[in-house]
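The structure appears below as structure tokens.
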Ligand SMILES: [Zn+2]
């Protein structure tokens, strides 16, 4: 162990800057520029994790975000810990700690590895089949499944980091900074398009950055040299913003993209503090250029998952870019020329390449000739039939492929090796493309899905558009840029390119072994341990849709979303079912392309910014006076005011008694207020409320009930006529915004002929509701010259007045049944007004009360609360409020629906009062009501909607909705609870002061 | 996330808007004259077209104005936007 596999000659790694980090508790060293993966490989560590189902040892497979195996827990046990991070994307820094996931007690000895030997018992759909029955056992199964499943651990304390959101608008967004993306961005910006170029990696250049094939030349330079010069030039281009470490997670319609910009993950802990860790970029681009590149495909063969088996392109990147040899005895297995580039890269650095196994029968490319001349053994028309080595590859066995590629012949050759590079061709990274709603088409010749029908202003360039060779990349990029950006000439017009032509390809989705398929393990999805066998089993069991096969076998359902194996899964299904790939379609690629942290998603909307809330002008007084608060919509409302350690029940009983015996005061500022003006205001109210409004005199108030067009109660409140063409409507606290929206809707779309203007003034006024027999005396003290006599200022009327210099509107209206006033002042005077009343009311024991007491007092009077006693299925008739429905008006919103056969049924649920046999028993709100106890099943007649202990009546009271309740007055019903049955009697819902005598008391 | 061209404000993000269901369903002028079935037709019956659909939208967190939209529900392409009261464009 700890062999140093660093090979000198990387420009990118800073070998003067040595960094130590820990992996699974052991300290290693790497260099600045290393990823966790490259640093581990340099230390000859391949084994980094265990697979999900069989707990098979797994190694680093790739060098990028498509990594299925090397997913690790970063900084375990700290509040910055993060699970499921790809080691290939983690930039190392001093003090970094990481550990393997999904293994216990350690990655070297994992008890779950026994699943590997039991694997015949874990076929596709195992969980679905086994744990379905009996249902009552599910809890037990769940315990074991949860215990052994799960990838990584989430942090247990709150996240110390800051996250941010930013909106970006640009003319051109280029996703991916490989050669295509760089050239696209450069030419867009040069032509005055405001351009943003993003790449998930920390450096620009993509794979061309280390493209070393000497047979490919751009302007007589190697592609790598040429591109470095281009990157250098980007610095001087205006209109171009470049963001690295930025991965586009989602591409929505209308060119709206979400990207995660990583700002501090590569920094040491001391440098992370007080900085924004990640930023969610919300990008709206006029045009999108996708240059997302291609992902190398593995090959599917028996035991293709051992540590040491990697993508050929990854081996090349580790060698060229990070200066790391992934093995000392390397073998490549390929179906195309790209493995020869990787082999040449190792060869040029003096790293041993044992052999190349190629399923093709020949290739005439220059690079292949070069490998042959170098004396590296090439096995043409051969395939790997098995591999060996439990925790690290040590041998591959190869045999000759039959002509049709379905079987093997001849004798087995064994090649000893410690690293195998697999090259199965390239899959364009079309994930973002399809997320945008655009459609793919399968290219039978290239055996890839390609962009076909664009739904937004977008182009796909480079290998994600199906161009893999430099000459075709440049040529097609140039034309697409000209067409899309409408420009005449580009930098690309004059580029000269020489290219090593590849003329031979052979694609076999599932490579045969000398053993029958049932005895082999050809993994298709590494992370989820789905094999070719599982897919074939699913097909045998009758699954046909690719989406169903995916779910049944869990192929492509891991955190990597099967970026490597999805194409093979499709290919195997197509071959087995005897259909064409193009007819099969593909699974949906869903956002995010790579996982996002929750922090990035929520940004700054945490803690007190999690949701907006509204406070009334009197709020500070409530806080100072120790009120408990309740959330009502977005409002924080005073709920009750406990004194001397009172419980809620005690406080509410005291407040309720005081309000009826002397005086109570409620902060009613949250009620919705809509100012209505215009010459048709009266007619408008006639149409939106159930009762008549034309004859309401100026200075009078009226209660109104608003229905939906389906006849169901929508909102209620008191509206005051302030002038000939001027009304002030109040709505429920929670309904204010919806009511305004609904009224606007009718005004704009159904009755545009009405001259009516609506303005929300909820926030403009503070409202105190003063009630009780002494309320009049308190008003008198504060406004001595106001005539408060019943003749001048009767119930349901309004007066303008002045308190000092402050203009106020006073309505004599009541929601408690007591003699009451609602005083409205400009919001900024709200607290001052409130304190004046508290001071003036002292001698009358004025008692502030909250929403709970308000609810209790109105329940004593049988007044409904829309949304508590109604639920969108109650008509005014159901509520026994026939009196408020005008028979004379020709029409109002919802009127016709009150005469539908359904709404006229006698046995609808109707609002009634309920009294318990034992007056001390308080019903639970929501409790069910039945008429029979010894019947099973029994019909539910209704439920309790409001329930309180009334201190003024000294007994419990409740409101309920009961099927046919109107005709049940005095009837005994039952409320069955968990441990007992409660006997109740149907009663009049007005429990207190039925004759309304107290209004004028 | 649509980019919606409010006829009063210009292009705005979809989150400023509220969808309001099928367009061009006029509230009957004389509801009392209608049978239960005719009223139910107005009240409940809405199309759920795959393809071109006429819809009402409201710039709820903007100018509060209602307007109409022609949208292809199969690919969410907004084909036209026009003010309330204006004739729908010929398809
Ligand atoms: Zn607008």
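Summary table
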quantity	calculated
Modelled label reach - residue A:407, point 7 Å along Cα→Cβ, the stretch A:517-551 residues with backbone N closer than 15 Å	A:517
Average beta-carbon neighbours from other chains, 10 Å sphere, peptide B:66-74	1
Computed over chain A: relative contact order in percent, which uses C-alpha pairs under 8 Å that are six or more apart	9 percent
Ranked list, fewest to most other Cβ atoms within 10 Å of each Cβ, for A:568, A:169	A:169, A:568
Exercise: per-residue mean of other protein chain Cβ atoms within 10 Å, A:883-896	2
Theoretical FRET efficiency, 1/(1+(r/R0)^6), r = Cβ-Cβ of residue A:630 and residue B:90, R0 56 Å, to 0.05	0.55
Modelled label reach - residue A:763, point 7 Å along Cα→Cβ, the stretch B:1-27 residues with backbone N closer than 19 Å	B:16-17
Theoretical FRET efficiency, 1/(1+(r/R0)^6), r = Cβ-Cβ of residue A:842 and residue A:890, R0 60 Å, to 0.05	0.65
Proxy reagent accessibility, fewest Cβ within 10 Å first, across A:210, A:28, A:948, A:340	A:28, A:210, A:948, A:340
Paramagnetic reach from residue B:37 (point 7 Å along Cα→Cβ, amide N under 19 Å) across the stretch A:868-910	A:897, A:899-903
Helical contribution to [θ] at 222 nm, DSSP H n ≥ 4, -39,500 (n - 2.57), averaged over the protein assembly as shown, rounded to 500	-5500 deg cm²/dmol
Space enclosed by the convex hull of the alpha-carbon atoms of chain A, per residue, Å³	229 Å³
Folded to 0 to 90 degrees: helix A:338-348 orientation relative to chain A principal axis, Cα	60 degrees
Global form of the stretch A:231-289, assessed from the alpha-carbon gyration tensor, a/c cut-off 1.5	oblate
Antiparallel %, DSSP beta bridges [both residues in the stretch A:309-424], to 5	40 percent
Chain A: angle of helix A:138-148 to the longest principal axis, Cα-based, in degrees nearest 10	50 degrees
Extension gain from residue A:29 to residue A:487, taking 0.36 nm per residue of separation minus the Cα-Cα distance	159.8 nm
Helix A:648-661 vs. chain A, principal-axis angle (Cα, 0 to 90°, nearest 10)	30 degrees
When the convex hull of its Cα atoms is projected in every direction, mean area for the stretch A:674-733 (nm²)	3.8 nm²
Exposure proxy ranking, count of Cβ atoms within 10 Å, fewest first, for A:312, A:100	A:100, A:312
Additional length obtainable on full extension of the chain from residue A:972 to residue A:517, 0.36 nm per residue less Cα span	156.5 nm
Calculated FRET value between residue A:614 and residue A:985, using beta carbons and R₀ = 45 Å, to 0.05	0.60
Highest to lowest packing among B:45-58, A:656-669, scored as the average C-beta count within 10 Å	A:656-669, B:45-58
Rounded, prolate or oblate (a/c below 1.5 giving rounded, otherwise prolate when a/b exceeds b/c) for the stretch A:309-424 by Cα gyration tensor	oblate
Semi-axis lengths (Å, descending) of the ellipsoid that matches the C-alpha gyration tensor of the stretch A:508-604	28, 15, 11
Cβ crowding within 10 Å averaged over residues, with A:937-944, A:885-892 ranked highest first	A:937-944, A:885-892
Cα shape, the stretch A:905-1000, gyration tensor, a/c 1.5 rule	oblate
Segment residue A:232-residue A:738, extension gain: residue separation times 0.36 nm, minus the distance between their alpha carbons	176.5 nm
Distance in nm between pseudo-label sites at residue A:1001 and residue A:588 (7 Å out along the Cβ direction from Cα)	6.2 nm
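Just so you know, all these numbers are worked out from the coordinates, no wet-lab data involved. Note that this is a predicted model, so its numbers are computed, not measured. Heads up, the Cβs are rebuilt from the backbone with ideal geometry, glycines too, and the neighbour counts pull from every protein chain shown.
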